[in-house]
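S.K.: Provided herewith is a single structure, encoded as structure tokens, for subsequent inquiry.
Rule-based calculations on the coordinates, nothing more; no lab input. Note that the structure is a prediction, hence the values are computed from the model and not measured. Every residue, glycine among them, receives a Cβ derived from its backbone with ideal geometry; neighbour counts consider all protein chains shown.
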Amino acid sequence: MSGRLRSALIIGGQGIRARKLRTFLSMISLFLGVLGVVAAQAGQVIAQRALVSEMEMTQGKDGTQQVYLPSHESASQIAMDTVKGRADVVALMGTNAIIGEPNLRPLNEGGMPIDSGGGGGMSGAYVTCDAYGNCTDQNPNADMPTGQAIELRVVALTGDVRQFRSLRPQSGQWLDFDSAPQLAPRLVLNKEAAKAFGRYQVPAEMRFAGATAHSTPRFVGVIDDGIGAPQAYVRSDELLNWMPADALSDPRFSQIEVLAAPTATDFVDILRKKFAAIGGDQRLEDQLYVNVINAAEQIPEQIALMRWVFLGVSILVLLIGAAGILNVGLATVGERIEEFALRRAVGTPRLLLAGIVLAETLLTGLLTAGAAIGAGIVGLAAASRLFGDQQPMLKGVAFPWEAGVAGVAAGLIAGVLGGLVPAARAARIPIATVMRA
Amino acid sequence: MTQPLIRITGLTKTLKGQGEPRAILEGVDLTLHSGESIAVLGRSGSGKSTLLSLLGLFDRADGGQYLLGEQDITRVPERKAAALRSAQFGFVFQRFFLLKHLTAAQNVAMALVNGQGWLPRRKRKARAMAALDQMGIAHLAKHKPPRLSGGEQQRVAIARALVREPRILLADEPTGALDTDTGNIVVEALRSATDRGCGLILVTHDHDHAAKMQRVLHLDHGVLGPAGVHQ
């Protein structure tokens, strides 16, 4: 550090210590301004993180390639063959299942959320209509009486999907893909399915359309996947003990999705070629839908708008804070005319005098920023503790470093804005003031 | 006689205010040698303080020449003037201009924290204590100005002026706010600086104090003239 900078900091520090009350008063309005900037930045970062986190849970992590396969009886087999032995690609083959007492129509027909009613009548999931609007119910359970059975979506996984989707464990454990497959399929339920089975503790027989036999599932854990309907995850090899692979390709119930790492560049071509080989005139390869998850593109405009509104208000309050520093700074320079003239008399250059005043306002700005950041950290921790249960966005949230940086920058900017004019005045004080005093 | 510290010739200064320009100094000549003490007497408004402002590089003359040693500093730029004030000059004023929030030692040390070179804190403190000791008030080092008498405050101010070991000491009515006895102590403290080779110019109204200097000059209507030589 140069001698001049050290001198400015030492004298600036002495000035602040000598005028503690005045410094404190000038800090108050600035504190509110910096706190506004910190809160706006923290709110924006937290909201964005929550949104990205939600997206990573329901769709996939940023950059993940999401491929939906066309409906075809061979689709599940193609998917499994293509991803076999690869750690960077996972196939998700979803189909509907009913778990409950045998020969009963489920309480939530079609796999609807458990509290949304349903049961009886024509269920939307199984209704098909022709071009004339004539609809028929193809529900396989249509003739059965409604009873204690839950219909849910079962997603068969060829590998650990958590590398692509941030599923949040709630209780129990996740599927173990390293051990040998077991005969009784192990299921991890999502929260809605867990709620359903918590409410209706039905005897567990699991039946699928097209299955060769009914199996007895074992629930090993619960996760939050952000989906509002009952859903369960199972190892595909454990499920296929009980049903042929093409049952997972039933166009009425099934949907096959493949998630791949950004580095897996070849597999889409492989899939296309395989579908082209079986598709013939249908041109199945053209029905492959590929989507690359891009978090930045999907952040709603409202968040960006909210950010600008908050930032605008914060800048206004910050300017008021800077005006407070300016006001106090000008008054202080007026009071210290003799001191500054004396300092010039003992050889202090004009530039250093300006530096002393700027050092004082910058130190004040930094102190204020520190206080505002501290208040932000404490406030966020308190909000997380008090409202974390009602607002998942606040649960266990950490103070974002971006907000700290914004706070320090705001404090420094206000310090410079508020200190420039007093600094210029201090530098212009004539030394002869001390002679005429 | 030794090499002159200061030699000014034909120095003029005119105040240009709202009314007619008023000549304050009209062709002042002055030479100050190392270890020499000069008293400048004159009525109020005669231009004594203006002369000191020009000598201390607080202001610029309108005409004439100012030599510091062999260096012509008549038109010296402000940045260079600040460096010269720091290295060559010490100033004592009628009002002491001590900073109330600093102790006596810190007030003395403030002249060492002026951006002209850097001294570590320990060295600054040692030099401030030595200067206070020279003034016989080292025991007051931790006292703040409001707890010091006028004479003590002025001696702190003199210590501040001497802490950088200047070659020239300029004092503007340093006893104006003091009683006679305390004034004598202060003048003696200033005069003692000349024993170490420092040149002293004392502006005063007090003829007794002036009589203690080696030379006494009179400033009258902007013209500086000799008033006698004190042996």
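S.K.: What is the Cα coordinate range of the stretch A:181-294 on the first, second and third principal axes, sorted by size from largest, in whole angstrom?
M.R.: Cα spread of the stretch A:181-294 along its principal axes, largest to smallest: 48, 37, 26 Å.
S.K.: In terms of the Cα gyration tensor, with a ≥ b ≥ c the square roots of its eigenvalues, is the protein assembly as shown rounded because a/c is under 1.5, prolate because a/b exceeds b/c, or oblate?
M.R.: Cα axes put the protein assembly as shown in the prolate bin.
S.K.: What full-extension length gain, to one decimal in nm, is calculated for residue A:401 and residue A:327 as 0.36 nm per residue of separation minus the Cα-Cα distance? It would help to have the intermediate numbers written out before the result.
M.R.: Working: separation 74, 0.36 × 74 = 26.64 nm, distance 3.13 nm.
Answer, rounded to one decimal: 23.5 nm.
S.K.: Around residue B:24, which amide H atoms from residues at least 5 apart in sequence, or from another chain, sit under 5 Å from its own amide H, with H modelled in the peptide plane?
M.R.: Amide H neighbours of residue B:24: B:13, B:14, B:15.
S.K.: Can you name the helices of chain A, as whole DSSP H runs, whose Cα span along the helix axis is 30 Å or more and whose Kyte-Doolittle mean is not below -0.5?
M.R.: Going by DSSP H runs, the hits are A:20-58, A:301-335, A:350-387, A:401-428.
S.K.: If you don't mind, there's one more thing I want to ask. For residue A:377 and residue A:209, FRET efficiency with R0 = 51 Å and r from the beta-carbon atoms, rounded to 0.05?
M.R.: Working: r = 54 Å, r/R0 = 1.07.
Between residue A:209 and residue A:377 the formula returns 0.40.
S.K.: When chain B is treated as a GNM, springs tying every alpha-carbon pair under 10 Å, which of B:176, B:35, B:19 comes out with the largest mean-square fluctuation?
M.R.: B:19
S.K.: Report, as an integer, the average count of C-beta atoms from other chains found within 10 Å of each Cβ along B:81-91.
M.R.: 4
S.K.: Okay, next question. Could you tell me the extents of the stretch A:349-437's C-alpha atoms along the three principal axes, largest first, rounded to whole Å?
M.R.: Taking max minus min along each principal axis of the Cα atoms, the stretch A:349-437 gives 69, 22, 14 Å.
S.K.: So if we plug the beta-carbon distance of residue A:270 and residue A:389 into 1/(1 + (r/R0)^6) with R0 = 56 Å, what FRET efficiency do we get, rounded to 0.05?
M.R.: Numbers: r = 47 Å, r/R0 = 0.83.
The computed FRET efficiency comes out at 0.75.
S.K.: Another question, then. Extension gain residue B:87-residue B:71, at 0.36 nm per residue separation less the Cα-Cα distance, in nm? Numbers along the way, then the final one.
M.R.: Working: separation 16, 0.36 × 16 = 5.76 nm, distance 1.42 nm.
Computed gain between residue B:87 and residue B:71 is 4.3 nm.
S.K.: Related question: Would the stretch A:1-71 count as rounded, prolate or oblate if I go by the C-alpha gyration tensor, calling it rounded below 1.5 in a/c and otherwise prolate when a/b exceeds b/c, oblate otherwise?
M.R.: Oblate.
S.K.: Positive end of the charge dipole of chain A (Lys, Arg +1 and Asp, Glu -1 on Cβ, about the Cα centre): tell me which of A:311, A:107, A:48 has its Cα farthest that way.
M.R.: With unit charges placed on the Cβ atoms, the residue in question is A:311.
S.K.: Here is a follow-up. For the stretch B:68-193, what is the relative contact order in percent, using Cα pairs closer than 8 Å and at least 6 residues apart in sequence?
M.R.: After rounding, I find 36 percent.
S.K.: List the lysines whose alpha-carbon lies under 19 Å from that of residue B:16, not counting same-chain residues fewer than 8 positions away?
M.R.: The qualifying lysines are B:48.
S.K.: Filter A:84/A:195; A:61/A:395; B:100/B:125 down to the pairs with a C-alpha to C-alpha distance above 28 Å, please. Walk me through the numbers on the way to the answer.
M.R.: Working: A:84/A:195 34 Å; A:61/A:395 21 Å; B:100/B:125 18 Å.
Where the Cα-Cα span goes over 28 Å, the pairs concerned are A:84/A:195.
S.K.: Can I ask one more? Could you check how many percent of all C-alpha pairs in chain B are farther apart than 22 Å?
M.R.: Working: 13654 of 26565 pairs.
That tail contains 51 percent of the Cα-Cα pairs.
S.K.: Then there's this: Given Cα pairs under 8 Å that are at least 6 residues apart, what percent is the relative contact order of chain A? Mind showing how you got there, number by number?
M.R.: Numbers: 806 pairs, mean separation 119.2, N = 437.
The normalised contact order for chain A reaches 27 percent.
S.K.: Of A:332, A:82, A:158, which has the largest mean-square fluctuation in a 10 Å C-alpha GNM of chain A?
M.R.: Among A:332, A:82, A:158, the largest GNM mean-square fluctuation belongs to A:332.
S.K.: Connecting C-alpha atoms closer than 10 Å in a GNM of chain B, tell me which of B:34, B:149, B:192 has the biggest fluctuation.
M.R.: B:149
S.K.: Here's something else I'd like to know. Under a plain spin-label model, where a point goes 7 Å from the Cα along Cα-to-Cβ, how far apart in nm are residue A:294 and residue B:29?
M.R.: 8.8
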